[in-house]
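Structure first, commentary second.
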Amino acid sequence: MESIFVNSKEVFLDTVNAKDYIQLDRVSNIYQSLKNSIKKPLKLILLYGRPGTGKSMFLAKLYNDLSASQAIYLYKTPILDEKEFYKTLARDIFNIKYSGELNFTQMMKIIDNANISIENTKEVPVVLLDEAQLYSEALMEKIRLLSDTRAIKFVITLHKTEEEDLIAKEHFQTRIWESIELENASSAELKIYIQKKLMKANCFNTASMFTTPTVNKIHKLTRGNYRDTNKLLYTLFDIYVSYEKNNQYMDINKIPIKYIEMAAIHTGLIDA
Amino acid sequence: MLNIPELEKRWLRYKIKSSIPYAVISLISIIVLIVGANYLLNNSNTIEKTKTTVRVPVEKKSHYVQKETPKKQKVQPRKQEMQTTSNTKTVLKPSMNFLHTIKNEVQTTQVVTLHAKPQTLKKTASVAVVQPKPVKQEVAQTAVKLEKEEVTPNYISIKRRDTKKDIHEIIKRFKKNHNPALSLFVAKKYYELGEYKKAYNYALITNQINQDIEDSWIVFAKSLVKLNQKQKAIKTLKKYIDYSSSSTAQILLNEIQSGKFK
């Protein structure tokens, strides 16, 4: 029989999988508004927030939920070459394979010929572009122009840092109809997030170890960032696994602060 | 797989590092508290000393002097404070001078010893007169000097020769408030001055106000003896002894009867 700590550790592996999506009240509301926005005749939807706030997970979830009923395309890694970007869109959306180079003008022609009914929002293909801050400014400009045709709907995610926040706003202010900001979790939300995640994997014993003071400590270290929390908890359970292998006594009712701090030191959240 | 021993070492280092500011703050707080408490204790001790040393000369002074020479009295505690602050090893002893005060009331009220220079007092008085003159700076300088001189630890004697004037003052006060203590005081003073009739009168007044004052009956009887009314004095004393069983009155009666007191 596998240790409960090993199972719990696996829960917090940092992967973007729609099945791992955890429903939290605030996040659910945001997700619902994003889904509603897609149904509206909007050209560009901006999803932004600090790294680790769940933007990629949102896109994955959206793709997972809508793929059965809508033409939707998810690009997790940016296609930085402009021509390659057009070729990929033409191939995926319009099923046109280009052996040679495809430029912006040719792409616009393809869109015109596709004769997509822009009134029927379900017919308009949705392109989900993750990590859009990596696209060049020129390509971003082209994406904006493509969205102006209303034949393709773009949902893009951007990292929000102090500088990037400004860029995001300046670039898209005139074209964006919907912008959604994702934030770090509060302490209460983080508790629900951790416990739900563990319970989803049937780790009930370890889920009950996360009392409010323990979660507060974790929140203090990670500031509610989901990615940092996942990393921290993965290491925390790794520590448990190590102690378990050494047959060291462990209180399974409470997580010692020492273990949390050790995990934080290992993940770099504490500079020691 | 994690290197747990190494991680534990790093954690221990982190804990020590993070607890240093708290330890420093705690240490500083403790030091501040100790120093503060020490200072307060020392301070309260010096205040205690000052208070007790000041009390001694106040006890020495008679009621009279307090009223007549308030300026001089103010000088006294200041001087005492200076003495105590400069000499912290002052040993406090209970003052038994009040016994002498009781015995020799007449002497103490006439001659009072104060810690101040008579010359300086005179000078300050003259300075007050000189004030309106144009040489203001000089006057101010001399005033400062004179004030400083007042603190010098020399002793002066003020002889009081105006007992009668004082008695009149007390009589005035007595007429206002009819305090038997004042009338008794007047009776005693007149007795001491040899004015036995007046002493008799005031003792009588005192007895009428309050018939439980032993001293008043004593002065009353003594005055009668001095006024050649020995039998009346004996009769009065006997009545008083029956009423109060006063031993002092009994002693006086015996002395009168034996002829010791004339």
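The values are calculated or read from the model by the stated rules, or taken from the named source; none is laboratory data. Since the model is a prediction, treat every value here as computed from it, not as a measurement. Methodologically, a virtual Cβ is constructed for each residue, glycine included, from the backbone with ideal geometry; neighbour enumeration extends over all protein chains shown. Accessible surface is based on the protein model in full, side chains and every heavy atom, while ligands, DNA and RNA are left aside. Shrake-Rupley method; radii C 1.70, N 1.55, O 1.52, S 1.80 Å.
Structure above, values below:
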item	result
Residue match in segment B:237-252 (condition: in contact with a Phe, Trp or Tyr (Cβ under 6 Å, 6 or more places away or on another chain), assigned by TED's automatic domain parsing to the domain that holds B:Asn177 and among the aliphatic types (A, V, I, L, M))	yes
Test for A:Leu233: is it within 27 Å of A:Pro51 (Cβ to Cβ), open to solvent by less than 10 Å² (accessible area, probe 1.4 Å), in contact (Cβ under 8 Å) with a residue 60 or more places away in the chain and away from chain B (no Cβ under 13 Å)	yes
Those residues of segment A:241-256 which are within 10 Å of chain B (Cβ to nearest Cβ) and not in a loop (DSSP other than H, G, I, E, B), in sequence order	A:Val241, A:Ser242, A:Tyr243, A:Lys245
So B:Gln208, is it closer than 21 Å to B:Gln257 by Cα and at pLDDT below 90	no
Residue count, segment A:182-227 (criterion: within 30 Å of A:Val155 (Cα to Cα) and open to solvent by 60 Å² or more (accessible area, probe 1.4 Å))	7
Test set (1) in contact with a helix residue (DSSP H, G or I) (Cβ under 6 Å, 6 or more places away or on another chain); (2) modelled with pLDDT of 90 or more - A:Glu101 fails condition number	(2)
